[in-house]
Every structure is written in structure tokens, then in C-alpha cells.
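> I have a structure here, written as C-alpha cells, and I will follow up with some questions on it.
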Amino acid sequence: MHKNLLITGGCGFIGSHFVLEAHKRGYNIINLDALTYAANKKHLSSIDQTDAYTFIHGDIRDKDFLETHVFEKYDIDGVVHFAAETHVDKSITNPSLFIETNVLGTQNLLFLSRKYNIKRYLQVSTDEVYGDLKLEDDAFSETTPIQPHSPYSASKAGADHIVQAYHDTYGFPTLITRCSNNYGPHQDSSKFLPVIIQKALNNESIPVYGEGKQIRDWLYVTDHVDGIFRVFEEGKAGEVYNIGGGVELTNIQLVKYVLKSLGKSESLITFVADRPGHDFRYAIDMTKIETELGWTPKFTFEQGIDNAIAWFSNNNT
């Protein structure tokens with residue numbers, strides 16, 4: 001087992017769940033996080049003082065810092081790379097930040113990981129790199145062409161290509177996972193589902209892009225974490241694995257489900273102008289991870305969404 005793990009972005013939504021699970025599984029964790037808007041150290045307070053956990057405040061864009069304070073200092077076996085700018089709307093207003101963090105930051109990690117003979121490198125990516133689908137199209141598979149539409153998805157696609165190039169050019173042991181829309185506890189309050197829940201709880205208007213007909217596949221965060229571990233521990237180097245929840249819903253269906261669960265009126269829904277380059281449909285074909293690694297999601301949508309609603313209700317600000 002690759003015992004000493006560098007986890008980037010471990011204070012973020014998905015990263016924090018991964019860190020907690022890694023700690024449970026007996027890994028020694030070095031968590032590097034820049035503590036931007038989506039990070040919260042409180043998520044990891046339960047393990048903060050344990051010997052197997054080290055936190056480093058740093059930015060993947062700073063290659064010298066990475067080498068001096070991380071790679072030189074710790075005997076790292078594996079890297080799981082979550083750290084990224086991920087908010088699509090923010091990428092439209094500030095694309096440079098997304099290129100710097102998601103592309104150049106990833107290159108810094110890859111360069112140093114190869115230099116220091118890291119045994120396993122996993123890139124956590126997104127189904128958004130595939131572009132979008134029409135209703136009648138087959139779901140995204142690992143062989144679907146990369147066709148990103150937003151600066152965010154383009155930056156993640158660029159990073160994925162560099163990761164793959166390190167495997168193909170240098171024989172470096174990389175893995176890539178591409179997930180669908182995650183949801184659950186710890187998610188940043190600016191994301192779609194937390195916004196719906198919090199505005200519903202406060203009886204505020206809920207903005208929905210266009211007519212709310214965009215379709216997403218929804219993946220409960222701990223299922224995603226479980227899938228990443230399966231790929232990291234058992235996946236074949238150089239391969240890409242899609243991880244999805246198997247739940248396709250339109251945005252308006254999701255909003256109405258939350259409102260019904262909270263006993264709120266649909267009159268809170270307000271349709272707003274659609275955003276530029278808004279992908280219509282994402283859907284994940286999970287055949288590869290199911291057949292090759294025996295992984296399937298454990299949570300039904302109802303179980304996951306009820307957990308999320310309960311968590312945000314208890315943490316409503």
C-alpha cells in the first residue's frame with residue numbers, strides 16, 4: 001500500500017471527505033491546501049491533532065514552495081490531486097485564475113512527483129471535460145472525445161491531457177477519475193444544491209438558469225470518495241475511470257424535490273437568464289469501473305439528498 005499520501009485541496013468539499021476516509025483506512029496524510037473560498041479546516045477538526053495527519057498551507061501554483069516544504073520534506077508514496085478552481089461562473093469572469101491553478105498547478109505537481117519518484121498519482125477530474133450531450137446521445141464513456149465549453153472545463157481538460165502525457169511520455173504511473181455532479185455535506189454554499197436548500201430554508205427566491213431543463217448526473221460525495229479509493233488502490237496506471245451516481249435529473253426536478261422535502265412552495269422558483277456556454281446534459285457510463293474494479297454507488301438519490309438537506313439545515317447561515 002502507498003502509505004504516505006499527499007492530498008491537495010484536502011480542506012475542500014470532496015477533498016475533506018477523502019482525507020477523513022484516508023485517515024480511517026490507515027494512511028499517513030499530508031494535506032496541502034491554499035484555503036481559498038471553498039476550503040474549511042473545520043471539516044477536519046476530528047483528526048487535526050492526530051499523528052497521521054499533517055496540514056500545510058500552500059498553493060500548487062508555487063513550485064518552489066511545493067518542492068521545499070512538501071516533496072523534499074516528506075517521504076511521499078502517492079498523490080491524490082483535488083486542488084482546483086471549480087466554480088464555472090467564476091471561470092467565466094476570471095479565466096486566468098483557472099488556467100494558472102488547474103493547468104500550471106497540475107504541471108508543477110506532476111514535475112515534482114516524477115522528480116521524487118512518486119509511485120502513484122491520481123488526478124481528480126470532471127465529466128465536464130467531455131462537453132455536453134443531447135437527450136438521445138449515449139452517456140459519456142472514457143473514450144468520449146474531450147470537448148470542453150467553459151474556461152473551467154477547458155482548464156481541467158488541459159490538466160488531464162498533461163497527466164496522460166506524463167504517463168505516455170515518461171511511463172509515469174498516473175490515473176484519472178472523472179466524476180459527475182457531487183453533492184452532500186461540506187459543499188461550498190455558492191454551489192447549486194446548497195443555494196437551493198439555503199434559500200428554501202430562508203424562504204428566499206431560488207434562481208434557476210433558463211427553464212431549468214439542463215440535465216445532470218448526481219453523485220453522493222462519499223460514493224465518489226469510495227470510487228476514487230478503488231481506482232487509486234486497484235486501477236491500472238495510465239487509465240481513465242468515470243465515476244457517476246447513475247441519477248439523471250433536470251435542474252428543475254432537483255429544485256422541486258428539495259422544496260417538497262422542506263415543505264416549501266414552488267412559488268420560490270425564479271427563472272433567470274441562462275449563463276453563456278451552459279452545457280445541456282451530462283450523463284456517465286460507469287461500465288468500466290463496474291466491470292474492471294467492481295465498484296458501484298451505494299447511496300440512492302433519496303438517501304443522499306435527504307442527508308444533504310439535513311446537513312445544510314443544521315448548518316444554515
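The values are calculated or read from the model by the stated rules, or taken from the named source; none is laboratory data. None of these values were measured; they are calculated from a predicted model. Note: ideal-geometry Cβ built from the backbone for every residue, glycine included; neighbour counts use all protein chains shown.
> Being crowded, with 21+ Cβ neighbours inside 10 Å, in contact with a strand residue (DSSP E or B) (Cβ under 9 Å, 6 or more places away or on another chain), more than 23 Å from Thr296 (Cα to Cα) and at pLDDT 95 or above narrows it down to one of Ile196, Ile118, Ile176, so name that one.
Working: Ile196 fails: at pLDDT 95 or above; Ile176 fails: more than 23 Å from Thr296 (Cα to Cα).
Exactly one of Ile196, Ile118, Ile176 is crowded, with 21+ Cβ neighbours inside 10 Å, in contact with a strand residue (DSSP E or B) (Cβ under 9 Å, 6 or more places away or on another chain), more than 23 Å from Thr296 (Cα to Cα) and at pLDDT 95 or above, namely Ile118.
> If we keep just the residues of segment 75-111 that are in a loop (DSSP other than H, G, I, E, B) and surrounded by fewer than 16 Cβ atoms within 10 Å (Cβ to Cβ), which is nearest to the chain's Cα centre (by Cα)?
Of the residues in segment 75-111, the ones in a loop (DSSP other than H, G, I, E, B) are 75-77, 82-87, 94.
If we keep only those that are surrounded by fewer than 16 Cβ atoms within 10 Å (Cβ to Cβ) too, we end up with 75, 94.
Details: Asp75: 26, Asn94: 20 Å.
Step by step, filter segment 75-111, then rank; the result is Asn94.
> Could you check Val163 against (1) of a type in the set (A, V, I, L, M); (2) within 15 Å of the chain's Cα centre (by Cα); (3) farther than 23 Å from Gly277 by Cα; (4) part of a helix (DSSP H, G or I) and say which number it fails?
Every listed condition holds for Val163 apart from (2).
> Can you tell me how many residues within segment 166-207 are among the β-branched types (Val, Ile, Thr), outside any helix (DSSP H, G or I) and more than 22 Å from Asp223 (Cβ to Cβ)? Working first, answer last.
Step one: of segment 166-207, the residues among the β-branched types (Val, Ile, Thr) are 169, 174, 176-177, 195-197, 206.
If we keep only those that are outside any helix (DSSP H, G or I) as well, we get 174, 176-177, 206.
Subsequent filtering for residues that are more than 22 Å from Asp223 (Cβ to Cβ) retains 174, 206.
Matching residues across segment 166-207 total 2.
> Sort through Ser190, Ser265, Ser205 and tell me the only one that's surrounded by fewer than 17 Cβ atoms within 10 Å (Cβ to Cβ) and in contact with a strand residue (DSSP E or B) (Cβ under 6 Å, 6 or more places away or on another chain).
The unique qualifying residue is Ser205.
> Look at Tyr257 and say whether it is hydroxyl-bearing (Ser, Thr, Tyr), within 18 Å of the chain's Cα centre (by Cα) and buried (at least 16 other Cβ atoms within 10 Å of the Cβ).
Working: hydroxyl-bearing (Ser, Thr, Tyr): yes; within 18 Å of the chain's Cα centre (by Cα): no; buried (at least 16 other Cβ atoms within 10 Å of the Cβ): yes.
For Tyr257, the condition - hydroxyl-bearing (Ser, Thr, Tyr), within 18 Å of the chain's Cα centre (by Cα) and buried (at least 16 other Cβ atoms within 10 Å of the Cβ) - is not met.
> Here is a follow-up. Starting from segment 220-238, keep only residues that are on the phi > 0 side of the Ramachandran plot, then list their pairs with residues that are buried (at least 19 other Cβ atoms within 10 Å of the Cβ) whose Cβ atoms are within a distance under 7 Å, requiring at least 6 positions of separation or different chains.
Between residues of segment 220-238 that are on the phi > 0 side of the Ramachandran plot and residues that are buried (at least 19 other Cβ atoms within 10 Å of the Cβ), the close pairs are Gly238/Thr174.
> I need the full set of residues from segment 12-67 which are in a helix (DSSP H, G or I), under 22 Å from Lys191 (Cβ atoms) and among the charged types (D, E, K, R), in order please. Before the answer, list the steps.
First pass over segment 12-67, keeping only residues in a helix (DSSP H, G or I): 13-24, 41-44, 63-67.
From what's left, under 22 Å from Lys191 (Cβ atoms): 13-21, 41-44.
Passing the criteria: Glu21, Lys41, Lys42.
> Sort out which residues of segment 145-180 are of a type in the set (Ser, Thr, Tyr) and touching a residue at least 60 places away in the same chain (Cβ under 8 Å), and write them in order of number.
Initially, segment 145-180 is screened for residues of a type in the set (Ser, Thr, Tyr), giving 150, 152-153, 155, 166, 169-170, 174, 177, 180.
The answer is Ser150, Tyr152, Ser153, Ser155, Thr174, Thr177, Ser180.
> Continuing with this model, one more query. Please go through segment 1-52 and pick out each residue that is among the polar types (S, T, N, Q), within 20 Å of Leu97 (Cβ to Cβ) and buried (at least 24 other Cβ atoms within 10 Å of the Cβ).
Hit for segment 1-52 is Thr8, nothing else.
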